[in-house]
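The values are calculated or read from the model by the stated rules, or taken from the named source; none is laboratory data. These figures come from a predicted structure and were not determined experimentally. So basically every Cβ, Gly included, is an ideal-geometry build from the backbone, and we count neighbours across all protein chains shown. When the accessible area is computed, the model is the full protein with side chains, heavy atoms only, and any ligands, DNA or RNA have been set aside. Shrake-Rupley method; radii C 1.70, N 1.55, O 1.52, S 1.80 Å.
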Amino acid sequence: MEFPGLGEHCSERTCKQLDFLPLKCDACGEVFCKDHIRYDDHKCSSAYKKNVQVPVCPLCNAPIPVQKGEIPDIVVGAHMDKDCKYNPAQQKQKIFTNKCLKPGCKRKEMMKVVCEQCGGNFCIKHRHPLDHDCKGSSHPISKAGYAALMRASQAAFKSIGAIGVPSDGSLQHNRIVVV
């Protein structure tokens, strides 16, 4: 049983297969089956219009224009000899260059993490002023920080030692001995 109105025959001389999902070549406009759609498979005479490949320099990764009839390997070789902007020192650039200033910490970050109070560069772990024993300007801590320290001091008061936080934001450690 054949469906005369459905599908098309492959345009390849040796195939002529009836294909219900035929593919049209974008270069020559002929209809082909899935086995003959590639330019090389049906020896497309118009492939040069669409099958354009631009070689890339293996050193600098720049695209190298090749004129019709030129051999790409020779053109790329000439580029490498004359015009290549390859810099071997550029390949050795370090990514993690921002070293933490906290004594004893050897971590490095990709981006600078600068403390707003002292201006020092720190890793993610030591970025907050309380984490790196900041000796910067004596700005009082924020209201949220003050509230957190008050909660911590109330919890610590119930244990052996207590932390007292005066209104100017500086920290004091008072030992309370329970007998």
Quiz item: Do we have G169 as open to solvent by less than 90 Å² (accessible area, probe 1.4 Å), modelled with pLDDT under 65 and in contact with a Lys or Arg (Cβ under 7 Å, 6 or more places away or on another chain) here?
Solution: no
Quiz item: Can you pull out the residues in the range 143-153 that are open to solvent by 90 Å² or more (accessible area, probe 1.4 Å) and modelled with pLDDT under 75?
Solution: K143
Quiz item: Has the range 13-20 got at least one residue that is open to solvent by less than 100 Å² (accessible area, probe 1.4 Å) and touching a Gly at 6+ places or on another chain (Cβ under 8 Å)?
Solution: yes
Practice problem: Might you check whether a residue that is at pLDDT 90 or above, open to solvent by 80 Å² or more (accessible area, probe 1.4 Å), touching a strand residue (DSSP E or B) at 6+ places or on another chain (Cβ under 7 Å) and on the phi < 0 side of the Ramachandran plot occurs anywhere in the range 32-54? | Solution: yes
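So that you can scan it fast, the table gives a plain yes or no per residue for (1) modelled with pLDDT of 85 or more; (2) assigned to a helix (DSSP H, G or I); (3) farther than 30 Å from A47 by Cβ; (4) open to solvent by less than 70 Å² (accessible area, probe 1.4 Å):
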position: P65; (1), (2), (3), (4): yes, no, no, no
position: G69; (1), (2), (3), (4): no, no, no, no
position: G77; (1), (2), (3), (4): yes, yes, no, yes
position: G104; (1), (2), (3), (4): yes, no, yes, no
position: C123; (1), (2), (3), (4): yes, no, yes, yes
position: H126; (1), (2), (3), (4): yes, no, yes, yes
position: D131; (1), (2), (3), (4): yes, no, yes, yes
position: I141; (1), (2), (3), (4): no, no, yes, yes
position: A156; (1), (2), (3), (4): no, yes, yes, yes
